[in-house]
1. Taking a spot 7 Å from the Cα of Ser165 along the direction of its beta carbon, which residues of segment 80-119 have an amide N less than 17 Å from it?
2. I need the per residue convex hull volume for segment 2-172, using only the alpha carbons, in cubic angstrom as a whole number.
3. If you plug each phi of segment 93-98 into the Karplus form 6.51 cos²θ - 1.76 cosθ + 1.60 with θ = phi - 60°, what whole-Hz ³J(HN,Hα) values come out, in order, with x for Gly and Pro?
4. How large is Rg/Rh for segment 86-181, to two decimals, with Cα atoms and a Kirkwood Rh?
5. To make sure I understand, if each residue's beta carbon is the centre and we count other beta carbons within 10 Å, what order do Val81, Val45 fall in, fewest to most?
6. Tell me which residues come under 5 Å, amide H to amide H, from Val163 once H is placed; ignore anything under 5 positions away on its chain.
7. Could you sort 126-137, 54-65 so that the peptide with the highest average Cβ count within 10 Å comes first and the rest follow in order?
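Bear in mind that the values in this text are calculations on the coordinates, not laboratory data. Here the structure is a predicted model, which means the values were calculated and not measured. Here the Cβ is made from the backbone with ideal geometry for all residues, glycine too, and neighbour counts use every protein chain on show.
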Amino acid sequence: MRFTDTNLAGAFIIDREPLEDSRGFFARTFCAREFAQQGLAASFVQCSVSVNRKEGTLRGLHFQRPPSAEAKLVRCTAGGVYDVIVDLRQDSPTYLQHIGVELTAGNGRAVYVPEMFAHGFLTLEDNTEVFYQMNAFHAPELAAGLRYDDPRLGIRWRLAVSVISEKDQQWPLLGDRKNEQ
């Protein structure tokens, strides 16, 4: 695997390094030792999958508050997404900055989302599937979110949003938040 630093400390783009032959290829997508060498979570306690029927479906931006803040390893296993993460660490020099990366079944990329980062994605194709690994158990009482269209974040989504949950539409804007950590 190839770990590429991003401009957000602790966040990485992870590319597989396929070994190809006449059958196709084989590639590792996770190795606890390699993740630990990078200082990343090397143990995951839950995995989830998100199936999205329509292009333009937006999910996020979600995070969990401490003590159940979670790191995630996210990859697209069918279709494609524009994946966005936002640094919510108030003591970070990149606080409220974000990156976006295209994850597709074809490029095999993954994004490592550190604890106290919000995460969301916009589907680029119909019938897109996203696979998550998390290092903390889901704690609904500590779940929170950011508005995908918050002007303070300035995220430029690749497509118009055509499908979004009511909950994701109603997260407060940053200036109006009572639940910012």
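1. 84, 118-119
2. Once divided by residue count, the hull of segment 2-172 is 121 Å³.
3. Listing the rounded values in order: x, 10, 3, 6, 7, 9 Hz.
4. Ratio of gyration radius to Kirkwood radius: 0.94.
5. Neighbour counts put them in this order, fewest first: Val45, Val81.
6. Thr57, Leu58
7. Taking the mean over residues of other Cβ atoms within 10 Å, the ranking is 54-65, 126-137.
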